[in-house]
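Asker: Handing you a structure now.
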Amino acid sequence: MYEEIFDKLSRSKFRSRFCLKAADISYIRQKGRETIFRHAKDFIAKRIAPATISNDGKQTPMKGHPVFIAQHATACCCRECIYKWHHFPKDVELDTKQQDYLVGLIMAWIDKQLEQQQ
């Protein structure tokens, strides 16, 4: 489902440099995939989905949680990037389908990272 966007992201020097580090992988294994999924859903709902975000472009840290890394890798980190890469309009609240797409993309990227570490 995400093959086309993964292909495009892989051609971006910035996006393709992101990868999960040992501590991120350990955290995911410790917490479990379902918890990471809930974190991704929560981060997207609270930090990305609103129509107006006062700190847009700065709301997603570059480290500190595996989902943050995945958001940058998949261009789900701010509304500007989401508009550029995924064509979801800015200044409009993201609907459930759009949020589910972003969360699914983030989790697919995390799953790919975990597979590469085995």
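Bear in mind these aren't lab numbers, they're just calculated from the coordinates by the rules spelled out. As the structure is a prediction and not an experimental result, all values here were calculated from the model. Cβ: placed from backbone, ideal geometry, glycine included. Neighbour counts: every protein chain shown.
Asker: Can you flag which of Lys46/Lys90; Lys63/Lys84; Lys13/Lys84; Lys21/Lys84; Lys8/Lys112; Lys21/Lys63 are past 19 Å Cα-Cα? Before the final figure, lay out each step's value.
Answerer: Working: Lys46/Lys90 15 Å; Lys63/Lys84 22 Å; Lys13/Lys84 15 Å; Lys21/Lys84 27 Å; Lys8/Lys112 16 Å; Lys21/Lys63 10 Å.
Cα-Cα > 19 Å for Lys63/Lys84; Lys21/Lys84; rest within.
Asker: Can you put Trp85, Trp109 in order of Cβ neighbours within 10 angstrom, beginning with the fewest? Please list the in-between numbers first.
Answerer: Values: Trp85 18, Trp109 26.
Starting with the residue having the fewest Cβ neighbours, the order is Trp85, Trp109.
Asker: Return the single residue from Glu34, Glu80, Glu93 with maximal mean-square fluctuation; model: Gaussian network over the chain, springs between Cα atoms under 10 Å.
Answerer: Glu34
Asker: If you line up the Cα atoms of the chain on their principal axes, what length do they span on each, largest first, in Å?
Answerer: Cα spread of the chain along its principal axes, largest to smallest: 40, 29, 25 Å.
Asker: Add +1 for every Lys or Arg and -1 for every Asp or Glu among the other residues with Cβ under 12 Å from the Cβ of Ala51, and state the total. Don't skip to the answer; put the middle values down first.
Answerer: Numbers: positive: Arg79, Lys90; negative: Asp56, Asp91, Glu93, Asp95.
Around Ala51, the surrounding residues sum to -2.
Asker: Also, quick follow-up: Karplus couplings for region 49-54 from phi (6.51 cos²θ - 1.76 cosθ + 1.60, θ = phi - 60°), rounded to Hz, Gly and Pro as x?
Answerer: Karplus values, whole Hz, x for Gly and Pro: 5, x, 5, 10, 10, 4.
Asker: Computed over the Cα atoms of region 53-118, what is the convex hull's projected area averaged over all directions, in nm²? It would help to have the intermediate numbers written out before the result.
Answerer: Numbers: hull surface 18.6 nm².
For region 53-118, averaging the hull's shadow over all directions gives 4.6 nm².
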